[in-house]
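The values are calculated or read from the model by the stated rules, or taken from the named source; none is laboratory data. Here the structure is a predicted model, which means the values were calculated and not measured. Using ideal geometry, Cβ is built from the backbone for each residue, glycine included, and neighbour counts are taken over all protein chains shown. Only protein heavy atoms, including side chains, enter the accessible area calculation; ligands, DNA and RNA are left aside. Shrake-Rupley method; radii C 1.70, N 1.55, O 1.52, S 1.80 Å.
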Amino acid sequence: MTAQPAIPLARFTGDANPYGGGDPYADYRTADFPFTRYADLADRRLGAGVIAANDEFFAQRENLLVPGPAEFDPEHFGHKGKIMDGWETRRRRGASAEHPWPTTEDHDWALVRLGAPGVIRGIVVDTAHFRGNYPQAVSVEGTSVAGSPSPEELLGADVKWTTLVPRTPVGGHAANGFAVSLEQRFTHLRVNQHPDGGIARLRVHGEVIPDPAWLSALGTFDVVALENGGRAEDASNLFYSPASNTIQPGRSRKMDDGWETRRRRDQGHDWIRYRLVAQSLIRALEIDTAYLKGNSAGWASVSVRDAPGAENAGGAAGAAGSEDAEAGTWTEILPRTRLQPDTNHRFVLPTPTLATHARVDIYPDGGISRLRLFGSLTDTGASALASRHRELGG
């Protein structure tokens, strides 16, 4: 597949002003990136990791994937200098006194294992708090390698890397966002900074494309889980936290690791709509309100819809499928049921139910931490998933 250049959505070139005291984010430069509605494939909760870097003299590579924004303490220094919350390399030098400058090809790199393989829709290279020590430019490449390859194997001559973000100037103390338009499944990234410097955070937004052979071997699994290819398509309210939190791996460990809406002052209610990994037969479900104590939803119901073909559509087709799912007829599989705070609620369905989409409605507001829908792929669902996996180079 021919590499297609990314389309810069926001390009902040040049230094930010030196830190002047007060709120360190007061002059932070950012923008709204449409692709951030997709899950972060480099989320540590999914199992992502920075597995190698050629240099991390000033700040460790692992900081790139730390959840939340980078922190800044102007008085925090160590034996090697200013301690930064990011990945920062030493200053590069030339070969001699006559040529003290790095060459145009000199650069530092870090290898990132995605937590969930998938199609990448956009990348954010965040240089927060790197004001005069950020890279002049960055580039990002991707590859798809089965199993759990070592850094040495990924750097081998037989591994093909595809350009996702061509070498592009970036700015300091800014969120530099890049849209990616390649319909291809990736498992690892190589992040390059030219010639050196620091990056605070890396976010890789896209759609999870699971391994059909793995799901087939599991048989019954959570068909809405993010790591299995499920997706939170839309929600009525995202005031406190994203809807995608409800399909993250594991149980919630704190209140903001779930989905919570603002307090309603009307007679309405809140909801989330999901796309399942593919057409499935659902047999049981869980609604967890872990760590939501005075703010859990009072009641909840769950409905599903079967719309074969819409569940695996990508890009613009996926958006159309989402609208179709919302417009269709929903079948209630869990009637409005009282929820308890900080509790995992389990329900076995009287009969398996066919579905490609699901919807949870909470009354009147509040939140849930997790939704689990346990079932198995139908023959139609398994075939559609395998076909898309092949088309994307899996």
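Would you confirm, using the coordinates I've provided, whether Ala313 is under 30 Å from His389 (Cα atoms), assigned to a loop (DSSP other than H, G, I, E, B) and modelled with pLDDT under 95?
Details: under 30 Å from His389 (Cα atoms): yes; assigned to a loop (DSSP other than H, G, I, E, B): yes; modelled with pLDDT under 95: yes.
Yes; evaluated as a whole, the condition is true for this residue.
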>> Given (1) over 30 Å from Pro249 (Cα atoms); (2) buried (at least 18 other Cβ atoms within 10 Å of the Cβ); (3) touching a Pro at 6+ places or on another chain (Cβ under 9 Å), identify the lone condition not met by Leu41.
In response: (1)
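Would a scan of the stretch 158-177 turn up a residue that is in contact with a Leu (Cβ under 8 Å, 6 or more places away or on another chain) and open to solvent by 20 Å² or more (accessible area, probe 1.4 Å)? Show your work before the answer.
The initial filter retains those residues of the stretch 158-177 that are in contact with a Leu (Cβ under 8 Å, 6 or more places away or on another chain), namely 162, 164, 177.
Filter again for open to solvent by 20 Å² or more (accessible area, probe 1.4 Å), leaving none.
Scanning the stretch 158-177, I find no residue that is in contact with a Leu (Cβ under 8 Å, 6 or more places away or on another chain) and open to solvent by 20 Å² or more (accessible area, probe 1.4 Å), so the answer is no.
From the set of residues in the stretch 224-263 that are aromatic (Phe, Trp, Tyr) and open to solvent by 10 Å² or more (accessible area, probe 1.4 Å), which is modelled with the highest pLDDT? Walk me through how you get there before you give the answer.
Residues of the stretch 224-263 that are aromatic (Phe, Trp, Tyr), as a first pass: 239-240, 259.
Checking the rest, the ones that are also open to solvent by 10 Å² or more (accessible area, probe 1.4 Å) come to 239-240.
On the way: Phe239: 90, Tyr240: 93.
Looking at the filtered set, the residue picked out is Tyr240.
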> Restricting the first residue to the stretch 50-64 and requiring it to be touching a residue at least 12 places away in the same chain (Cβ under 8 Å), which pairs with a second residue that is crowded, with 19+ Cβ neighbours inside 10 Å and among the hydroxyl-bearing types (Ser, Thr, Tyr) meet a Cβ separation below 9 Å and a spacing of at least six or different chains?
Replying inline: Ala53/Thr89; Asn54/Thr89; Asp55/Thr89; Glu56/Thr89; Phe57/Thr89; Phe58/Thr89; Ala59/Thr89
>> What are the pairs with Cβ atoms under 9 angstrom where one residue, in the stretch 93-106, is closer than 10 Å to Pro195 by Cα and open to solvent by less than 90 Å² (accessible area, probe 1.4 Å) and the other, located anywhere, is at pLDDT below 95 and not charged (D, E, K, R)? Sequence gap at least six, or different chains.
In response: Pro102/Gly94; Thr103/Gly94; Thr103/Ala95; Asp106/Gly94
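So which residues in the stretch 179-196 are among the hydrophobic types (A, V, I, L, M, F, W, C) and in a loop (DSSP other than H, G, I, E, B)? Step through it out loud before you land on a result.
Quick first cut of the stretch 179-196, residues among the hydrophobic types (A, V, I, L, M, F, W, C) only: 179-180, 182, 186, 189, 191.
Residues satisfying the conditions are Val180, Leu182.
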> Do we have any residue at all in the stretch 129-138 that's at pLDDT 95 or above, out of contact with any Gly (no Cβ under 8 Å at 6 or more places or on another chain) and farther than 15 Å from Gly197 by Cβ?
Replying inline: no
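Do you know which residues across the stretch 227-244 are more than 15 Å from Arg359 (Cα to Cα) and either touching a residue at least 24 places away in the same chain (Cβ under 8 Å) or under 13 Å from the mean Cα position of the chain (by Cα) (or both)? I'd like the intermediate steps shown before the answer.
First, the residues of the stretch 227-244 that are more than 15 Å from Arg359 (Cα to Cα): 227-229, 238-242.
Correct list: Glu227, Asn228, Gly229, Tyr240, Ser241, Pro242.
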> Do you know which residues across the stretch 42-61 are within 30 Å of Glu233 (Cα to Cα), touching a Lys or Arg at 6+ places or on another chain (Cβ under 9 Å) and not in a strand (DSSP E or B)?
Replying inline: Ala42, Asp43, Gly47, Ala48
>> Yes or no: the stretch 321-341 includes at least one residue that is within 22 Å of the chain's Cα centre (by Cα) and at pLDDT 95 or above.
In response: no
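Quick check: is even one residue across the stretch 26-37 assigned to a loop (DSSP other than H, G, I, E, B) and more than 30 Å from Arg231 (Cβ to Cβ)?
To start, the set of residues in the stretch 26-37 that are assigned to a loop (DSSP other than H, G, I, E, B) comprises 26-28, 30-33.
Subsequent filtering for residues that are more than 30 Å from Arg231 (Cβ to Cβ) retains 26-27.
So far as the stretch 26-37 goes, yes, one or more of its residues are assigned to a loop (DSSP other than H, G, I, E, B) and more than 30 Å from Arg231 (Cβ to Cβ).
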> Any idea which of Ile282, Ile272, Ile287 is surrounded by 20 or more Cβ atoms within 10 Å (Cβ to Cβ), touching a helix residue (DSSP H, G or I) at 6+ places or on another chain (Cβ under 6 Å) and in a strand (DSSP E or B)?
Replying inline: Ile272
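From the list Asp361, Asp365, which one is open to solvent by less than 60 Å² (accessible area, probe 1.4 Å), at pLDDT 95 or above, assigned to a strand (DSSP E or B) and charged (D, E, K, R)? First the steps, then the outcome.
Values: Asp365 fails: assigned to a strand (DSSP E or B).
Being open to solvent by less than 60 Å² (accessible area, probe 1.4 Å), at pLDDT 95 or above, assigned to a strand (DSSP E or B) and charged (D, E, K, R) holds for just one of Asp361, Asp365, which is Asp361.
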> Here are some residues: Asp85, Asp126. Which one is acidic (Asp, Glu), open to solvent by less than 40 Å² (accessible area, probe 1.4 Å) and under 16 Å from the mean Cα position of the chain (by Cα)?
Replying inline: Asp126
> From the set of residues in the stretch 368-394 that are open to solvent by 30 Å² or more (accessible area, probe 1.4 Å) and either assigned to a loop (DSSP other than H, G, I, E, B) or touching a Ser or Thr at 6+ places or on another chain (Cβ under 8 Å) (or both), which is nearest to Leu292 (Cα to Cα)?
Replying inline: Phe374
